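Just so you know, all these numbers are worked out from the coordinates, no wet-lab data involved. Worth saying up front: this structure is predicted, and the values here are computed from it rather than measured. As a convention, Cβ positions derive from the backbone with ideal geometry for all residues, glycine included, and neighbour counts pool all protein chains shown.
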Amino acid sequence: MTREEKALLDMIAYTEGTLGVSNNGYDVVYGTPYKIIAGWTPDTKIVHGCWGTDSTAAGRYQFLCKTWKGGTAEKPGPNLPMTKENQDKRGLELINRRLGSIDKTSLVSDKNVFLKALNLLSPEWESIPIGTNDFLNNKKENNVAGYSYYKSNNKTYKPSRNSVDKCYEVYKTALKKY
C-alpha cells in the first residue's frame with residue numbers, strides 16, 4: 001500500500017468519525033455513541049453482522065452491509081471476516097474504483113486534484129464533502145462544495161459535517177506520517 005493510499009484511508013476514517021476510536025475504528029459499529037464489536041482483533045474471524053436498524057455501517061470506513069459483501073441483493077458477495085487487512089483492502093478497492101486513473105501522488109501537490117478526488121469519493125462515503133461547486137452542474141442540481149452528495153429526508157442537500165479544507169489538512173498530515 002502506498003503512502004498516498006494510507007493517507008486517503010486515514011482521511012476517510014477521519015470523515016467517518018472512527019479515526020482513533022477504540023482499535024482505530026476497525027471494531028466500530030455505527031450508532032450514537034458508537035458500539036464496539038466485542039472480541040474484535042486485527043485478525044478476527046467475525047464477519048459483518050449487518051448490525052443496526054438506522055444504518056448497517058461498520059468498521060473503520062463504516063462499510064454498509066451491502067457494500068462490504070459486494071454483489072447484489074439477488075447474488076450477494078462473500079461476507080469476509082472484518083479483519084484490519086480486509087477492511088483496508090476493501091477500502092482501497094472502493095477508492096481505486098472511484099478515482100480511476102487519478103495520479104494519487106499529485107493529491108497533495110495539486111489541491112484541484114484533491115478536490116476532484118473528493119468529488120469522486122463523495123458518492124461512496126456520505127461523510128466526504130463535495131470538493132468543487134461545479135461537480136453536479138451537468139445534472140442541473142444545486143449542490144456546492146462542502147455539501148453532502150446525498151439529500152436529507154426532506155430531499156434537500158445538506159452541508160457535510162466535514163469541511164473540504166479539513167479533509168485536505170487531515171490528508172496532508174497523514175501523508176507526513178507515512
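May I ask you to order 157-163, 32-38 by the average number of other C-beta atoms within 10 Å around their residues, highest value first?
On the way: 157-163: 15.7, 32-38: 12.3.
The packing order, highest mean first, is 157-163, 32-38.
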**Q.** On Cα atoms only, tilt of 3-16 relative to the major axis of the chain in degrees
**A.** 80
Q) Hey, can you rank 87-99, 43-55 by average C-beta count inside 10 Å, highest first? A) 87-99, 43-55
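Using 0.36 nm per residue, how much length does the chain from ASN24 to LYS151 gain when fully extended, once their Cα-Cα distance is taken away?
Details: separation 127, 0.36 × 127 = 45.72 nm, distance 2.88 nm.
Result: 42.8 nm gained on full extension.
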Q: Would you kindly enumerate the cysteines in the chain that have no other Cys beta-carbon under 4.7 Å from their beta-carbon?
A: CYS167
Q. Is the range 3-99 rounded, prolate or oblate when judged by the Cα gyration tensor, a ≥ b ≥ c being the square roots of its eigenvalues, rounded requiring a/c under 1.5 and prolate requiring a/b larger than b/c?
A. rounded
Q. Quick one: Cα centre-to-centre distance for the range 97-114 and the range 20-92, in angstrom?
A. 26
Q: Mind sorting THR56, THR18 by how few other Cβ atoms lie within 10 Å of their own Cβ, fewest first?
A: THR56, THR18
Q: With +1 on each Lys and Arg Cβ and -1 on each Asp and Glu Cβ, and nothing else charged, work out how big the dipole of the chain is about its Cα centre, in Debye to the nearest 20.
A: 160
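Quick one: compute the contact order of the chain, relative version, from alpha carbon pairs under 8 angstrom and 6+ residues apart, as a percent. Please list the in-between numbers first.
On the way: 275 pairs, mean separation 36.2, N = 178.
Here the relative contact order equals 20 percent.
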Q. Taking 0.36 nm per intervening residue step and subtracting the Cα-Cα distance, what contour gain separates LYS35 from ASN112 on full extension?
A. 24.1 nm
Q: Express in nm, to one decimal, how much length is gained between ARG161 and VAL47 on full extension, taking 0.36 nm for each residue of separation and deducting their alpha carbon distance.
A: 38.2 nm
Q.
Can you give the local net charge around PRO81? Use residues other than it whose beta-carbon is closer than 15 angstrom to its beta-carbon, Lys and Arg +1, Asp and Glu -1.
A. +2
